[in-house]
Amino acid sequence: MIWCVEDDTSIREIEVYTLQSTGFSAEGFEDGAAFLEALKTRRPELILLDIMLPGEDGVALLRQLKSRQDTAQIPVIMATAKGMEFDKVQSLDLGADDYLVKPFGMMEMVSRVKAVLRRCQDVPTGNILTDGGLRMDLNQRTVCIDGSRIGLTYKEFELLKRFLSQPGMVFTREQLYAQVWGDNFMGESRTVDMHIRTLRQKLGAYGERIETVRNVGYRWEGVK
């Protein structure tokens, strides 16, 4: 079930119609109050969340979702206004998995929904990765620093997994796009950089181990 939280009735209805016509179950909500009420008894597979909403805006709702243990892992795609760079960065910082810039095409929306769901359903069967006090459990999809769990979005988790799996290896931005976002990703060129930025912030002192390799990409400098 895909939930579309959008106050514009015409946009909300066409989002729901398009998703249903492409094989998804979908439901629309006109504001945050109706959305939060539904969350008391049900859980969607993915949420398409508009930032500009009456009452609590989308950013405030996203913050609530990611702060609650029972909803933190639900994938969220934010709908942002054209040119609002701050909205994109803030949403990614808070844990959004992707974003769409209005006005966006319905087929682009469907493609983004499929891509996010595909990534989130691709649960790895690996093991434990560690570096000092940093511990990553690939089966439970958790990350702890000195015993305290930190919350990462799906893409942040996947980026960190690649770094910890191959410390010292330089990953180009193109490689990270292909491995984490997939071949059909339609984001902007700075998307990898924006996610690396939020990942560094969440890792605290360990974030300094993500080294920028000028004109190439990134690598993890582990404990020596």
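Listed conditions (1) at pLDDT 95 or above; (2) in contact with a strand residue (DSSP E or B) (Cβ under 6 Å, 6 or more places away or on another chain) are all met by Tyr17, apart from (2).
Within the range 152-163, the set of residues being open to solvent by 20 Å² or more (accessible area, probe 1.4 Å) and touching a strand residue (DSSP E or B) at 6+ places or on another chain (Cβ under 8 Å) comprises Leu152, Lys161, Arg162. If you go through the range 123-141 one residue at a time, do you hit one that is under 12 Å from the mean Cα position of the chain (by Cα) and of a type in the set (D, E, K, R)? No: the range 123-141 contains no residue that is under 12 Å from the mean Cα position of the chain (by Cα) and of a type in the set (D, E, K, R). Filter the range 95-120 down to the residues that are of a type in the set (Asp, Glu) and either in contact with a helix residue (DSSP H, G or I) (Cβ under 9 Å, 6 or more places away or on another chain) or part of a strand (DSSP E or B) (or both) and list them by number. Correct list: Asp97, Asp98. You will find that of Leu48, Leu53, the residue that is of a type in the set (A, V, I, L, M, F, W, C), touching a Gly at 6+ places or on another chain (Cβ under 7 Å) and farther than 26 Å from Arg149 by Cα is Leu53 and no other.
Scanning the range 189-215 for residues that are surrounded by fewer than 12 Cβ atoms within 10 Å (Cβ to Cβ) and modelled with pLDDT under 85 returns Ser189, Asn215.
The values are calculated or read from the model by the stated rules, or taken from the named source; none is laboratory data. Everything numeric here is computed off the predicted structure, so don't read it as measured data. Don't worry about glycine lacking a Cβ; one is built from the backbone with ideal geometry, like all the others, and counts go over all protein chains shown. These area figures cover heavy atoms from the full protein model, side chains too; ligands, DNA and RNA do not enter into them. Shrake-Rupley method; radii C 1.70, N 1.55, O 1.52, S 1.80 Å.
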